[in-house]
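Heads up, the thing below is written out as structure tokens.
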Amino acid sequence: MQVFNQVPAFDISREMLLSWCLPPIPQAPRSSNANHASAYRLAWGELRLWDTFAAEVTDYWQRVPEVDKTALVYTQASYHMAAQQVVWTAHPPTNEGDVKERQGPFVPVIHNYAAVGRDHAPMPSDTHSTMAHINPGGHTNLTVDGTPDFVFSRTQNNPYFAAWDPYTILGEVKCPWLVTPAHIDQVLRTIDPLGFPLNLMSSLIMLQLLHFLMAMQGDWQLSKFLDTWFGMLVHMGLFRLLKDGVSCSVIMVEFSE
Amino acid sequence: MQRYNGGILRMTPMYGDFFALPGITHGAETEGYHLPINFSIMKALYYISYLADAAPKAVETPLHGVAGQVELPMSSPQTGQPAAQIVQPYQHNQGHMAPVAQAPGGYQAGVHIVGGYEKAVSLQYHEGVTYKSLKFEPWLKANCLGVKTWIARTLPDNEKIILKLWDAWKCSSDDQEHEASIYLKLRPLWGKYVPALRVQSPLEFYHALIIQYIEVIPAVSFYFWMC
């Protein structure tokens, strides 16, 4: 039997593919305020501002070889089709699950074409992790407790995810109307400018008290935010439960309204 | 966000680079997102993917730098050693890590810590065994027996024990002391009908009890063995 393995006619370079802005996600007029709360609760000892991140990304990209930047890794037709699915306005997302489903066919797919050679796209010179969109119940062999929204795993040049590969990043999706940039700035402002660490273990007690007070005063918006922040911390707890003890990072993937 | 050993979390502001689309959004900047300068979100993801893939495996380690090893601050009044204490929160002090002095009433710099714990009960009820060092690996699922209870091992003997912990920054020692008192009342039954209490001690910032590990044969196996 002849195996037909057609390589798509790529016409977008890695540099161009990764430079484009993300397509925005429409939001339904009445969106859910429900948060997913995990049973795996863990507080962190110290919170620090990652203020070198922008410089790190810029520096890294300057060091990417020209041959990697110019390599053609994706097709314009596929890109437009994937972007259309994100901005599709007929049934706008109303909850966290919908937001996640909108990004599923876009962010992981684009990343894997650019980073790990999906569909025989040329591999970059350095190694990257494979990104996978996780569906509850769809990956029964996950080696973490709970179900993260996205997982990055060390697949060693294999562009496809396998549940038993060591995880390197867990990705969590939050509703953009519940977790806003202002809310995150509010959290970051609590870090002492002199570099004193914020003790989250203890601060949770204060946040819970504030949460209660805001709810008593009818400030539901702030109250809801605090609730959401607890949820984010809860998800971080997944890290401790990694069986393989791999090093991990996490990116909170943010989306537009 | 990026996690470091020792419970440290590094976090960026919320970046966004999505474009304006009529009827959907006026764009990332209008919505208050931090605009990435000289990079895009997908490039940032590409960088993080590289960073994470290149990072070595990081096994959880305690402050002493030995994987899974924790030390009990066992003290003996006979030897004149200072009384054991609950470890308090740390904060930077001119570039060095120094313990926070505990203010009266348990409040320090807006942080609420339960109790002062200048002294904590440190008692051993099992002679002949050293409980000073333990191998404690809570990240291994096989060691987790519940919300507060884990399997650990004594070092260097490698004997299995049960470790029950209460977060001392959130809980007073009441629950630990109450449970220890129940075990002490049942002392004649230790090792026969109830597991023996081995140690009552602080462990870093926890109230801890060390209890005898008893291997239980599942009933179904016993049934088949009888047949």
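Just so you know, all these numbers are worked out from the coordinates, no wet-lab data involved. Keep in mind that what you see is a predicted model, and the values were worked out from it rather than measured. Don't worry about glycine lacking a Cβ; one is built from the backbone with ideal geometry, like all the others, and counts go over all protein chains shown.
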Between A:D59 and B:R187, how many nm apart are label points set 7 Å from Cα along the C-beta direction? 6.2 nm
Residue order, fewest to most surrounding Cβ atoms within 10 angstrom, among B:T130, A:T147, A:T168: B:T130, A:T147, A:T168
Among the lysines, select those whose C-alpha is under 20 Å from the C-alpha of B:K57, and discard any that sit fewer than 8 residues away in the same chain. A:K243, B:K135, B:K141
Descending semi-axes in Å of segment B:2-54, equivalent ellipsoid built from Cα gyration tensor: 28, 14, 8
Ordered by number, the GluC sites (Glu not before Pro) in segment B:163-218 that occupy a DSSP loop and have at most 11 other Cβ atoms within 10 Å are B:E215
Taking the beta-carbon count within 10 Å as an exposure proxy, list A:W88, A:W20 from fewest neighbours to most. A:W88, A:W20
Please tell me the relative contact order of segment B:2-54 in percent, rounded to the nearest whole number, where contacts are Cα pairs under 8 Å and at least six residues apart. 25 percent
Please give me the summed charge of the neighbours of A:K100: other residues whose Cβ is under 11 Å from its Cβ, Lys and Arg +1, Asp and Glu -1. -3
Cross-link partners of B:K185 among lysines (Cα-Cα below 20 Å; sequence separation of 8 or more within a chain): B:K164
Radius 11 Å from Cβ of B:G115, net charge of other residues (Lys, Arg +1; Asp, Glu -1): 0
I want to check the label-to-label distance for A:S125 and A:A77. Put each point 7 Å from Cα in the C-beta direction and report it in nm to one decimal. 3.3 nm
Counted charge near A:Y160, where neighbours are those whose Cβ lies closer than 15 Å (Asp, Glu -1; Lys, Arg +1): 0
Listing B:E31, A:E56 from the residue with the fewest other Cβ atoms within 10 Å to the one with the most, what is the order? A:E56, B:E31
